[in-house]
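Taking it in order: structure first as structure tokens, then the write-up.
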Amino acid sequence: MKTYDVVVIGGGVVGAACARAAALRGLTVAVFEPGPEPGAASPASAGMLAAQIEPGPDDSLSLAVRARDLYHPLAPALRETTAIDIHLWQSGIASLAFDEAAEHGLKDAVAAQRQAGLRCDWLGPDEVRERWPGAADDCRGALFAPEDGALDPQALARACLADARRLGATLLAEPVQSVAVADGRATGVVSPQGSTAAGHVVVAAGAWSKAIGALPRPPAVEPVRGQMAATAWPAEMPAAILYNEHCYVLARGGEALLGSTMEHAGFDCRVTNEGLAQIFRGAIRLFPGLLREPVLRMWAGLRPLTADGRPIVGAHPGVERLWYATGHGRNGVLLAALTGEIVGDLLSAGETAVDVAAWRPDRPGALAA
């Protein structure tokens, strides 16, 4: 039986980042990734790095910014070692206000972020229209986070897996059926091809994490469907990411990516008329010119969401050498590199310098009873 230091279950952006980080630390790694499930979050994601834009739990901003900033060195490093460009774009995200309450809320957020030492600006309506000539005429202004941006999530997963393999990791195109546990300790995994022994097991299977067999107290993650669509990007509009209340328009490769819904629909990853209507209403509110552009494609992904909106990252409280890296919700791409570094530290040294107490698996509600 082949034995590895680490088995990572899942090869999306989070699992791939964990595998690369473990391999960088000299550990032998196997990644079980049979190919993305229909509705897998990583291939469906727009790849936004919206650390300063999307509201999260009160204690999440500093971690989100730290995670975003890891991509500055990571993108060129991956390009050098794998020749894969993850298309990191960090020219800012604008969160637009359309009523008085939103305007005051965003202005308060600008002040708070500046007080925290972050770059953040308030743009008046004329400034918004000057920068982005197609933006809505009734915009009252925007919070602009100049260091936020986006990347290509599929390229990120491919690059991290390619770099892990360069460092000796093995990629196995098999599903994991169960985790093997003996005497209170994870000892490997079981797949259709048999058993694989491991010193550590990392569960990073997104919305499917809790379905892995023999997990004592599986992670309490639920699939949340996000529907998306793409149109052509108008030629007269400079590249941009515009945002408003979970709706966004993002330029990538000549397309406008439009998203996204937040629906509790189980593992149903179909697109619906109602969901698409919601997306297009939000996108056209931000950028009315999109109404003239043809729809190119439509799809949906399933994000792994926790009850408190925080990821589940760290040691299982009752099983030694079993680790979770799941539950990242809408922020899987943003937090992937940081999660990888944290898990790499925990696997190799048993501790991390990053304060992730809010993400601990033993917090109330993170694991099934």
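The values are calculated or read from the model by the stated rules, or taken from the named source; none is laboratory data. From a predicted model like this one, the values you see are computed outputs, not experimental measurements. A quick note on method: Cβ atoms are made from the backbone with ideal geometry, for glycine too, and the neighbour counts reach across all protein chains shown.
Here is how the numbers come out for the structure above:
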{"quantity": "G309, sole failed condition from (1) touching a strand residue (DSSP E or B) at 6+ places or on another chain (Cβ under 9 Å); (2) within 30 Å of L347 (Cα to Cα)", "calculated": "(1)"}
{"quantity": "Within the stretch 226-241, tally of residues that are more than 17 Å from W299 (Cβ to Cβ), surrounded by 16 or more Cβ atoms within 10 Å (Cβ to Cβ) and among the small types (G, A, S)", "calculated": "1"}
{"quantity": "Criterion (assigned by TED's automatic domain parsing to the domain that holds E341, free of Cβ contacts under 8 Å to residues at least 12 places away in the same chain and not charged (D, E, K, R)) met by exactly one of P55, P34, P38, P43", "calculated": "P55"}
{"quantity": "Only listed residue being crowded, with 16+ Cβ neighbours inside 10 Å, at pLDDT below 95 and closer than 18 Å to A21 by Cβ, chosen from V343, V356, V333, V313", "calculated": "V356"}
{"quantity": "Filter result (without any contact (Cβ under 8 Å) to a residue 40 or more places away in the chain, more than 12 Å from F32 (Cβ to Cβ) and not in a loop (DSSP other than H, G, I, E, B)) within the stretch 173-186", "calculated": "A180, A182"}
{"quantity": "Among (1) within 30 Å of R25 (Cα to Cα); (2) crowded, with 19+ Cβ neighbours inside 10 Å; (3) out of contact with any Pro (no Cβ under 9 Å at 6 or more places or on another chain), the one test that R165 misses", "calculated": "(2)"}
{"quantity": "Tally, over the stretch 339-369, of residues that are more than 27 Å from Q227 (Cβ to Cβ) and either among the acidic types (D, E) or not in a loop (DSSP other than H, G, I, E, B) (or both)", "calculated": "17"}
{"quantity": "Filtered residues of the stretch 46-59 (kept if part of a loop (DSSP other than H, G, I, E, B) and touching a Gly at 6+ places or on another chain (Cβ under 6 Å))", "calculated": "A46, P57"}
{"quantity": "Residue count, the stretch 121-162 (criterion: aliphatic (A, V, I, L, M) and farther than 30 Å from L27 by Cβ)", "calculated": "8"}
{"quantity": "Subset of the stretch 242-259 [buried (at least 18 other Cβ atoms within 10 Å of the Cβ) and either over 15 Å from V295 (Cα atoms) or not assigned by TED's automatic domain parsing to the domain that holds G105 (or both)]", "calculated": "L242, Y243, N244, C247, Y248"}
{"quantity": "Number of positions in the stretch 188-214 that are more than 13 Å from H328 (Cβ to Cβ) and either among the small types (G, A, S) or without any contact (Cβ under 8 Å) to a residue 40 or more places away in the chain (or both)", "calculated": "13"}
{"quantity": "Residue within the stretch 303-311 that is more than 21 Å from the chain's Cα centre (by Cα) and in a strand (DSSP E or B) present", "calculated": "no"}
{"quantity": "Conditions (1) among the aromatic types (F, W, Y); (2) in the same structural domain as T231 (by TED's automatic domain parsing); (3) outside any helix (DSSP H, G or I); number of the one not met by Y324", "calculated": "(2)"}
{"quantity": "The stretch 1-18, residues that are crowded, with 24+ Cβ neighbours inside 10 Å and assigned to a loop (DSSP other than H, G, I, E, B)", "calculated": "G10, G11, G12"}
{"quantity": "Lone unmet requirement of (1) free of Cβ contacts under 8 Å to residues at least 12 places away in the same chain; (2) under 23 Å from the mean Cα position of the chain (by Cα) for H87", "calculated": "(1)"}
{"quantity": "All positions within the stretch 281-320 that are in contact with a Leu (Cβ under 7 Å, 6 or more places away or on another chain) and within 30 Å of G254 (Cα to Cα)", "calculated": "A283, I284, L286, F287, M298"}
{"quantity": "Among the residues listed as A83, A21, the single one being small (G, A, S) and either crowded, with 20+ Cβ neighbours inside 10 Å or modelled with pLDDT under 95 (or both)", "calculated": "A21"}
{"quantity": "Enumeration of residues in the stretch 260-298 that are touching a residue at least 24 places away in the same chain (Cβ under 8 Å), out of contact with any Asp or Glu (no Cβ under 9 Å at 6 or more places or on another chain) and aliphatic (A, V, I, L, M)", "calculated": "M262, A265, V271, L276, I279, A283, L286, L290, V295, M298"}
{"quantity": "S62 vs. criteria outside any loop (DSSP other than H, G, I, E, B), within 28 Å of S209 (Cα to Cα) and out of contact with any helix residue (DSSP H, G or I) (no Cβ under 7 Å at 6 or more places or on another chain)", "calculated": "yes"}
